[in-house]
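The values are calculated or read from the model by the stated rules, or taken from the named source; none is laboratory data. Keep in mind it's a predicted model, so treat the numbers as computed, not measured. Glycine also receives a Cβ, built like all others from the backbone with ideal geometry; neighbour counts cover every protein chain displayed. To get the accessible areas, we keep the full protein, side chains included, count just its heavy atoms, and leave off ligands, DNA and RNA. Shrake-Rupley method; radii C 1.70, N 1.55, O 1.52, S 1.80 Å.
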Amino acid sequence: MGAPSTDIAVIGWAQTPMVRHTDKSETQLLMEAITDAIVPLGISRADIDFTCLGSCDYITGQAFSFVSNLDAIGAWPPKRDSHVEMDGAWALYEAWLRLQEGDIEIAVVTGSGRSSTGDPALIYPMEMDPYFLAPLGADPLTFAALQARAVIAAGIADERSMAEVAVRARGGDVESLLAEEYLRQPLRRHDVPPITDGAAAMVLATGDRARQLVERPAYITGFDHRTECHNPSFRALDDSPSTRIAAEAAGLRDAPVEVAELQVAFTHEELLLRQVLGLGDDVVVNRSGGALRENPIMATGLCRVGHAADHIFGGGGRALAHATSGPCLQQNLVCILEGRS
Amino acid sequence: MSTPPVAVVGVGQTHHKSRRLDVSFGGLVREAVFRALDDAQMSLDDIDAVVLGKAPDLFEGVMKPELYLSDALGAVGKPMFRVHTAGSVGGTTAIVAASHVQAGKHRTVLAVAFEKQSEGNAQFALGSGKGASLGAGGAFAPFIRAYIQRSGAPEHIGWKVAVKDRLNALKNPYAHLKIEDISIEKVKASPMMWEPTRFLESCPSSDGACAVVITDEAGANAAAADGRPPAWILASSSRSEPPSFPGRDPVRPAAALQCAADVYTAAGITDPRRQIDTAELYVPFSWLEPIWLEAFGLADVGEGWKLVDDGTTELGGSLPVNASGGVLSSNPIGASGLLRFAEAANQVRGAAGEHQVDGAKVAIGMAYGANNQYFSTWAVGSSLHPFG
């Protein structure tokens, strides 16, 4: 059931500069991202039939933080609108479902977050099971290191191949990276993501409208997401069954993809997901540099879809985008984009 | 609408209380989920995807709790989706769940919403821990005063709504507040909280959850054939407007008017006052009832309070509003919107028990959030074509 009955396509997207810290509010960031996404298409905010925003109160540090972002949409007259406490990639999923109802044509989805305003080590334990895991106070590095050890033990990665992933994402040379101290064994600084503030906005349109607005829409031909058991100690951390199910449901195997944009904040995750998704060496993975280069949490997944769409806009045939949420890749989303001649 | 028909075939909720210390978060949601599944004669295996809604994570201090609740909700290996649209979230959760089925992506989807207010301090969280929170009552009081000034409504209207909803709650086994000796005098004598809203005109803080099973036309027809009437979703809409700017009217918000128009147009409702048999409106403070009666076209502008005054909105009246006791009687915030949608569904299924509105064929469920900015509404019917 991966393919929709109605053609729905990504027709444009934009992101703010991705920086270590900005004093701009999330609303200001979204204002820029939405404007930059719609202006090249020759449409205005008035043409947007549906909006769905993705953000997280705990990243922003404020309850109801998304409410002021209605100003960035320009929700006047009032818009058909929704908000997910998830990465913008899931906002995209909701809009994709909504557009299939057939009564509207254009949707804008966003993801936004300013991670610089908080301390990940303090915030992330709060997304864990409040009874058995949150009290441990284990930070994201700890959980990632546990998974990295499992992935290494399974022979899917080693510290050298992980460093090679880092070099592809953001440069440097493997030998000097491997000479550095561990941050949390087996992870070194190059294995972990930067802290990034930023936002992204994406425009979707249904069949004919998409073709009117752009020459080569990036059609969403498969879209699925799945979750797993929450507690990492009850999971086989050297596997990602939810990614596998989502990829199957999205029709990944129907035809080869040329590029894949994976939301991998840690180097070992790329090696694990390449294997789970069965991506060969001929597939270009994370040409954008991925989350290891820029990690605007709550927008990182949506940016993956954006970079995959860029491949289609540039004449490419088929691309995969992946997004994730939760400890040790608990929840995974797969979106397949295709161009048509 | 060109979308395929979908319907509610199962509804469940918890017993709502100030403190549900007897259950964990997982236990709380499962209580509602299993009641809904039993009602639908289904098991978790029949569920293809789960949509979870709740108000700010800061209320309980658990960030993105859908991650932890994936196991309790039987979502492992399935899509688990999380919605958050302020106070309207419960309603939007139902609409997004229905969208999963309408899009043809899934056959049967579970919508779940909860709040466990006793785990935290909602008023503290509303101020984001920075203090200076007006609280919801303080935020809405100016809108209420503006309504009273414009409509010239007498002060006893708010008291009447408070009494009506608490009397209705006595007929609802799940309701939180059970005030046996509720009376106008008692409401009037309760402490002033936020002029003109008194203590007994305000919603409680509740722990609670609600769950709704939404399925496709074939599933709904099968339930009907088995003697379990579905509630057909005739239309739904979510609309939002920005926080504040000159010209915005929070007493008669454009987003509410548009949301109502979307639903009525799609459902073929041309005369809402006559065609809708009962409404579950999100009324956390008594005066919101006449305000929403007007914004949702159930009364003319300035006339909503008269439907309260003449008993039209009482359980025995011609347009019962909040027969369940409403938000004034149970308020697990994130679930309060889904409870409105679920109670509306139960009315047209003839499954509302002691607070059933006789012969209800068409009902609306409505929720709102933030400073009268987020609106979600659905219309449900005992048949797909209730108007012939």
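Residue by residue, here is whether (1) touching a residue at least 60 places away in the same chain (Cβ under 8 Å); (2) open to solvent by less than 10 Å² (accessible area, probe 1.4 Å); (3) of a type in the set (A, V, I, L, M, F, W, C) holds:
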{"site": "A:196", "(1), (2), (3)": "yes, yes, no"}
{"site": "A:200", "(1), (2), (3)": "yes, yes, yes"}
{"site": "A:211", "(1), (2), (3)": "no, no, no"}
{"site": "A:215", "(1), (2), (3)": "no, no, no"}
{"site": "A:249", "(1), (2), (3)": "yes, no, yes"}
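Within segment B:300-343, count every residue that is touching a Pro at 6+ places or on another chain (Cβ under 6 Å) and open to solvent by 20 Å² or more (accessible area, probe 1.4 Å).
Total meeting the criteria: 1.
Scan segment B:258-292 residue by residue and report those that are surrounded by fewer than 19 Cβ atoms within 10 Å (Cβ to Cβ), in contact (Cβ under 8 Å) with a residue 40 or more places away in the chain and within 14 Å of another protein chain (Cβ to nearest Cβ).
B:266
More than 10 Å from chain A (Cβ to nearest Cβ), in a helix (DSSP H, G or I) and open to solvent by 10 Å² or more (accessible area, probe 1.4 Å) - does that describe any residue in segment B:86-106?
The answer is no, given that none of the residues of segment B:86-106 is more than 10 Å from chain A (Cβ to nearest Cβ), in a helix (DSSP H, G or I) and open to solvent by 10 Å² or more (accessible area, probe 1.4 Å).
Output the qualifying pairs, or none if there are none: Cβ atoms under 9 angstrom, residues six or more apart or on different chains, first residue in segment A:132-145 and without any contact (Cβ under 8 Å) to a residue 60 or more places away in the chain and closer than 17 Å to residue A:183 by Cα, second residue buried (at least 17 other Cβ atoms within 10 Å of the Cβ) and hydroxyl-bearing (Ser, Thr, Tyr).
A:138/A:124; A:139/A:124
Can you tell me which residues in segment A:94-139 are within 12 Å of chain B (Cβ to nearest Cβ), more than 30 Å from residue A:48 (Cα to Cα) and outside any helix (DSSP H, G or I)?
Selection gives A:118, A:128, A:129, A:130, A:131, A:132, A:133.
Would you list the helices (runs of 4 or more DSSP H) that sit entirely within segment A:155-256 and hold 2 or more residues that are among the β-branched types (Val, Ile, Thr) and under 19 Å from residue A:89 (Cβ atoms)?
Where helices (runs of 4 or more DSSP H) fall fully within segment A:155-256 and carry at least 2 residues being among the β-branched types (Val, Ile, Thr) and under 19 Å from residue A:89 (Cβ atoms), they are A:241-249.
I'd like to know if segment A:68-88 contains one or more residues that are within 21 Å of the chain's Cα centre (by Cα), open to solvent by less than 10 Å² (accessible area, probe 1.4 Å), facing chain B (nearest Cβ under 7 Å) and small (Gly, Ala, Ser).
yes
Condition first: in contact with a helix residue (DSSP H, G or I) (Cβ under 6 Å, 6 or more places away or on another chain), without any contact (Cβ under 8 Å) to a residue 40 or more places away in the chain and not in a helix (DSSP H, G or I). Can you find one or more residues in segment B:344-356 that meet it?
yes
What are the residues in segment B:198-220 that are over 21 Å from the mean Cα position of the chain (by Cα) and surrounded by 15 or more Cβ atoms within 10 Å (Cβ to Cβ), if any?
Hits for segment B:198-220 are B:198, B:216, B:217, B:219, B:220.
Could you tell me which numbered condition residue B:82 fails, if it satisfies all but one of (1) buried (at least 24 other Cβ atoms within 10 Å of the Cβ); (2) more than 7 Å from every other protein chain (Cβ to nearest Cβ)?
(2)
Could you go through segment B:123-133 and let me know if any residue there is farther than 30 Å from residue A:334 by Cα, more than 10 Å from chain A (Cβ to nearest Cβ), modelled with pLDDT under 95 and assigned to a helix (DSSP H, G or I). Walk me through how you get there before you give the answer.
Step one: filter segment B:123-133 for residues farther than 30 Å from residue A:334 by Cα, giving B:123-133.
Within this subset, residues satisfying the condition of being more than 10 Å from chain A (Cβ to nearest Cβ) are B:123, B:131-132.
Subsequent filtering for residues that are modelled with pLDDT under 95 retains B:123, B:131-132.
Narrowing the set further to residues that are assigned to a helix (DSSP H, G or I) leaves B:123.
Taking every residue of segment B:123-133 in turn, at least one turns out to be farther than 30 Å from residue A:334 by Cα, more than 10 Å from chain A (Cβ to nearest Cβ), modelled with pLDDT under 95 and assigned to a helix (DSSP H, G or I).
Quick one: count up the residues across segment A:286-309 that are surrounded by 24 or more Cβ atoms within 10 Å (Cβ to Cβ) and outside any helix (DSSP H, G or I).
Counting residues in segment A:286-309 that are surrounded by 24 or more Cβ atoms within 10 Å (Cβ to Cβ) and outside any helix (DSSP H, G or I) gives 4.
Here are some conditions: (1) open to solvent by 10 Å² or more (accessible area, probe 1.4 Å); (2) within 18 Å of residue A:142 (Cα to Cα). Residue A:253 meets all but one. Which one does it not meet?
Only one criterion in (1) open to solvent by 10 Å² or more (accessible area, probe 1.4 Å); (2) within 18 Å of residue A:142 (Cα to Cα) is unmet by residue A:253, namely (2).
In segment B:344-384, which residues are of a type in the set (S, T, N, Q) and either surrounded by fewer than 24 Cβ atoms within 10 Å (Cβ to Cβ) or over 22 Å from residue A:52 (Cα atoms) (or both)? Reasoning before the result, please.
Here is the first cut: in segment B:344-384, the ones of a type in the set (S, T, N, Q) are B:346-347, B:356, B:371-373, B:376-377, B:382-383.
Listed by number, the residues that qualify are B:346, B:347, B:356, B:371, B:382, B:383.
Looking only at segment B:21-71, count how many residues are open to solvent by 10 Å² or more (accessible area, probe 1.4 Å), more than 9 Å from chain A (Cβ to nearest Cβ) and of a type outside the set (Asp, Glu).
Selection size over segment B:21-71: 10.
From the list B:113, B:153, B:175, B:141, which one is under 19 Å from the mean Cα position of the chain (by Cα) and more than 22 Å from residue B:52 (Cβ to Cβ)? Give the derivation first.
Working: B:113 fails: more than 22 Å from residue B:52 (Cβ to Cβ); B:153 fails: under 19 Å from the mean Cα position of the chain (by Cα); B:141 fails: under 19 Å from the mean Cα position of the chain (by Cα).
It is B:175.
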